[in-house]
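Right, one structure below, let's go through it.
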Amino acid sequence: MLTDLFLTLCISTALTAVQAENRCSVDAKNGYKVRLSIKTALGNKAYPWDDSEMFLFRATLAFAMRVYTKSDQYNVSSVHVCDETPRVSFWFVVSNDTELVSAEDVEKAVRISRNRINSAFMLTDQTLEFVNIPPTLVAPVQPGTPPWLIVFGVVISAVCAGVVMLLLSSFVQKRRKKGILEDENEEERCEKQNGATHEVQEGSDDFNQIFVEASSSTKL
Amino acid sequence: MLKLQLPNPGLEERIPSHQELEKMEVEEAGDRPKWDNKAQYMLTCVGFCVGLGNVWRFPYLCQSHGGGAFMIPFLILLVLEGIPLLHLEFAIGQRLRSGSVGVWTAIHPYLTGVGIASMFVSFLVGLYYNTIIAWVMWYFFNSFQEPLPWSQCPINENKTGLVSECARSSPVDYFWYRETLNTSKVIEDSGGLQWWMVLCLICAWTVLYVCCIRGIETTGKAVYVTSTLPYVVLTIFLVRGLTLKGSVDGIKFLFTPDVTELANPATWLDAGAQVFYSFSLAFGGLISFSSYNSVHNNCEQDAVIISIINGFTSIYAATVIYSIIGFRATERFDDCLGGNILALMNTFDLPEGSITQSNYSEVLQYHNMTSPDIIQTLNLKTCDLNTFLSEGVEGTGLAFIVFTEAITKMPVSPLWSILFFIMLFCLGLSSMFGNIEGVLVPLQDLKIIPKKWPKEAITGSICLVSFIIAVIFVQRSGNYWLALFDSFAGSIPLLIIAFCEMVSVVYIYGIDRFNEDIKFMIGHKPNIFWQSTWRVISPLIMLVIFLFYFITKVSAELTYIVWNPDSPSFPTQEKIPYPGWIYAIIVILAGVPSTVIPATALFKFIRRRCCSRSNEHKSDSISTISDKVQMSSDP
């Protein structure tokens, strides 16, 4: 009697296990396809895909389910894998005791812990692909001031400083020249009295003063 | 017919004689500016001639007109058209010691219009050229971040994906058309000013002002940097480019000769136009620069040297650009093939690394035979390296879209971006110096500006007025306006002016007098090459190019390309016709500089006829020789 009971128990657990495994199939309703591109991501440092890596995957997924549901009902045995190909792609389903966890829950769990799952395998969203689970887009960091405005500020201040300096220096130069010329003029007026040509000065009227005085009487 | 000399009374009074020139040389009289040394003059001329066109127009022409074979018409026309015109401008400026208005007025008072036309063209071209520099500065400011803002698409508002306009085109396209220009869909839709571009425009005009503030006194110092830095950067890019994968394919593609293109007249036309525009002739700036030289400066040698430098720079820049384009094309090809390989691997679950570029075609064939229907659903793209290489782009598209994309694929992208945009900035700025000179000196010669104004105020007002008008280019439709100005203001009028220049010097000033002048200045008469090109060959070439240009422009349907995200062919740009009122603007842009030549002649003729009495008693009362030369412009 007892042995019968024991036998039925064994058979039923084996059957549910088989059922769970059978529920993992290609295009399973509550399962997802995973595709890994290890050689693309890591090149020379690519590790071979073997059973231990698969074990790590199942463990990471169980971790993701635990984090999502905040309970510890999930173990490595909750994650079932099938249809492994040399591409390194496979299907998986997650079971919760006897039932399969719904696709939406699995998706949410994966999206929350996506970063952790990726880093466990040193892969990225593109190289560790969960088909039909969109990657979580990280909004780029917006700095307070756009960087271009800072560079613009630096350049425009330098240029304005240059303008001011050049204007000032030419103003000072002109002042100085005027001062020297005025001194020279006073000396020259004493020397040249007989109508010889004068130097035309910068900024003065473009008449030779001597001829202006003469023209009123001589009618050139 | 070749020795035709049109009657030109009073020429001797209007120009300084050889003795007066010698006197000026010795006495160093006058307020006329001078170059500090020969190097400044050469660098300024090289900077004016070598501009953005050498970098983004010549490589495209070279590649689209038969690669290495394009060198043949280019070099032939450089020798027959470029060098003679350049020598002519240098010699006449050095001889008559005046800017463009002064020179043409001295040759004959009715020719003042040629100088005024040069001034208008310099002004209009300067307006939009500096806007391009503002765009370059914008990209330069944005290069100081990693990753570069045009390397990835921004995420849309609900954070579900990338912005649709960007996802459908590409990050570089999006950054250029949306984040830089914020371009509208049609030219009528002006869309308002873009504040960030206004800031960059202010920056561009202020930098130009600080360099031109005292005329050649300041530009002469600035050209030490702006004329030499592009060559340094080009060399850096050449070295970097040659170490990238695929660069040699690009260079080979550029220079592979296709001799059949020589039979195509469009090749020769484009070569002639490129030589002409590349030398910045007919702007008046070169005449001005040359007039600050000493009288016995060897202008013949200068013309030959500068032409050779210009030609060499075009070819050098083309090599560098195409090495980078080769790299970009190879990257695109690898991405395209990689995408196809990934699709195949994913569909048939083949292990990674089983399909490579070498066995891709065999694998594809095998699977096509075994399961053709699956292959159909994959929509594999055809990847051809030559198609990517011949995606010939020119102008702003080359600099701001193609090259920036190539830069994002290089390691340490911000550094290359900064270098590239500094180079473009220097190339553009040194050309702007010539434009400002071509506006400033005629304004002074025409006595529009009171003499009391200091030079700083004159350059400041020119920059301010130009900035205010250039604000049309920073609206949302600014890019379309710029293309309009580029096509019409900077093309036909220049050809007319250059033709008039040649005819004036050879037939109105007199080729004999000109030969004597050159003998006086450099010691020997110009040889048969110069004689034949000045009298016959160059004017003929100018005439042919002008006629063809004019006919193609007038007969072609006036359309322009727009960036329209709503159009069905997006991201390919749409070609739509201009609205009606644009024709008026085109007539103003191309017509005003061209018609000002006969109009001024007519005006002076009428004035002379009706006001001839009152002119008899006028006498010169100035004693310095250089002042006398400047004042001899009015009859």
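Note on the stretch B:420-476: residues that are touching a strand residue (DSSP E or B) at 6+ places or on another chain (Cβ under 7 Å) and surrounded by fewer than 22 Cβ atoms within 10 Å (Cβ to Cβ) total 1. Summed over the stretch A:73-101, the residues that are more than 14 Å from chain B (Cβ to nearest Cβ) and more than 17 Å from A:Arg116 (Cβ to Cβ) give a count of 14. The set of residues in the stretch B:442-465 being touching a residue at least 40 places away in the same chain (Cβ under 8 Å) and within 10 Å of another protein chain (Cβ to nearest Cβ) consists of B:Lys455, B:Glu456, B:Gly460. Evaluate the following for B:Gly339: is it in contact (Cβ under 8 Å) with a residue 12 or more places away in the chain, surrounded by 20 or more Cβ atoms within 10 Å (Cβ to Cβ) and either touching a Ser or Thr at 6+ places or on another chain (Cβ under 8 Å) or within 29 Å of A:Ser37 (Cβ to Cβ) (or both)? When the stated conditions are applied, B:Gly339 does not pass them. Report whether or not B:Val101 is at pLDDT 90 or above, under 24 Å from B:Lys575 (Cα atoms), of a type in the set (A, V, I, L, M) and touching a Ser or Thr at 6+ places or on another chain (Cβ under 7 Å). For B:Val101, the condition - at pLDDT 90 or above, under 24 Å from B:Lys575 (Cα atoms), of a type in the set (A, V, I, L, M) and touching a Ser or Thr at 6+ places or on another chain (Cβ under 7 Å) - is not met. Scanning the stretch A:135-157 for residues that are in a helix (DSSP H, G or I) and facing another protein chain (nearest Cβ under 9 Å) returns A:Pro147, A:Trp148, A:Leu149, A:Ile150, A:Val151, A:Phe152, A:Val155, A:Ile156. Of all the residues in the stretch A:66-89, those that are part of a strand (DSSP E or B), in contact with a strand residue (DSSP E or B) (Cβ under 7 Å, 6 or more places away or on another chain) and surrounded by fewer than 17 Cβ atoms within 10 Å (Cβ to Cβ) number 3. Being within 25 Å of the chain's Cα centre (by Cα) and under 22 Å from B:Ile492 (Cβ atoms) is a description that does not apply to B:Gly580.
Just so you know, in the stretch B:13-63 the residues that are free of Cβ contacts under 8 Å to residues at least 40 places away in the same chain and assigned to a loop (DSSP other than H, G, I, E, B) include one that is nearest to B:Phe237 (Cα to Cα), and it is B:Asn37.
For the stretch B:28-53, enumerate the residues that are at pLDDT below 85 and either out of contact with any Ser or Thr (no Cβ under 9 Å at 6 or more places or on another chain) or among the hydrophobic types (A, V, I, L, M, F, W, C) (or both). Passing the criteria: B:Glu28, B:Ala29. If the condition is being within 18 Å of B:Ser170 (Cβ to Cβ) and either part of a strand (DSSP E or B) or out of contact with any helix residue (DSSP H, G or I) (no Cβ under 7 Å at 6 or more places or on another chain) (or both), then the stretch B:567-587 contributes B:Ser567, B:Ser569, B:Thr572, B:Gln573, B:Glu574.
Looking across the stretch B:503-536 at every residue that is of a type in the set (A, V, I, L, M) and closer than 21 Å to B:Gln301 by Cβ, the one that is surrounded by the fewest Cβ atoms within 10 Å (Cβ to Cβ) is identified as B:Ile528. When we screen A:Ala20, A:Ala62, A:Ala41 for residues that are at pLDDT 85 or above and not in a strand (DSSP E or B), the only hit is A:Ala62.
Within the stretch B:193-205, if we keep just the residues that are in contact (Cβ under 8 Å) with a residue 12 or more places away in the chain and within 11 Å of chain A (Cβ to nearest Cβ), the residue that is farthest from B:Ser466 (Cα to Cα) turns out to be B:Trp196. Counting only residues that are of a type in the set (A, V, I, L, M) and under 21 Å from B:Ser169 (Cβ atoms), the stretch B:390-421 holds 7 of them. Going through (1) of a type outside the set (Lys, Arg); (2) surrounded by fewer than 18 Cβ atoms within 10 Å (Cβ to Cβ); (3) touching a helix residue (DSSP H, G or I) at 6+ places or on another chain (Cβ under 7 Å); (4) outside any loop (DSSP other than H, G, I, E, B) one by one, A:Ser119 falls short only on (3). Annotation: of all residues in the stretch B:257-272 being over 26 Å from the mean Cα position of the chain (by Cα) and either under 22 Å from B:Gly53 (Cα atoms) or in contact (Cβ under 8 Å) with a residue 24 or more places away in the chain (or both), the one that is surrounded by the most Cβ atoms within 10 Å (Cβ to Cβ) is B:Asp258. Checking every residue in the stretch B:378-398 against the condition of being under 34 Å from the mean Cα position of the chain (by Cα), surrounded by 17 or more Cβ atoms within 10 Å (Cβ to Cβ) and either among the polar types (S, T, N, Q) or within 14 Å of another protein chain (Cβ to nearest Cβ) (or both) gives at least one match.
The values are calculated or read from the model by the stated rules, or taken from the named source; none is laboratory data. The structure displayed is predicted, hence computed values, not measured ones. Virtual Cβ from ideal backbone geometry, glycine too; neighbours counted across all protein chains shown.
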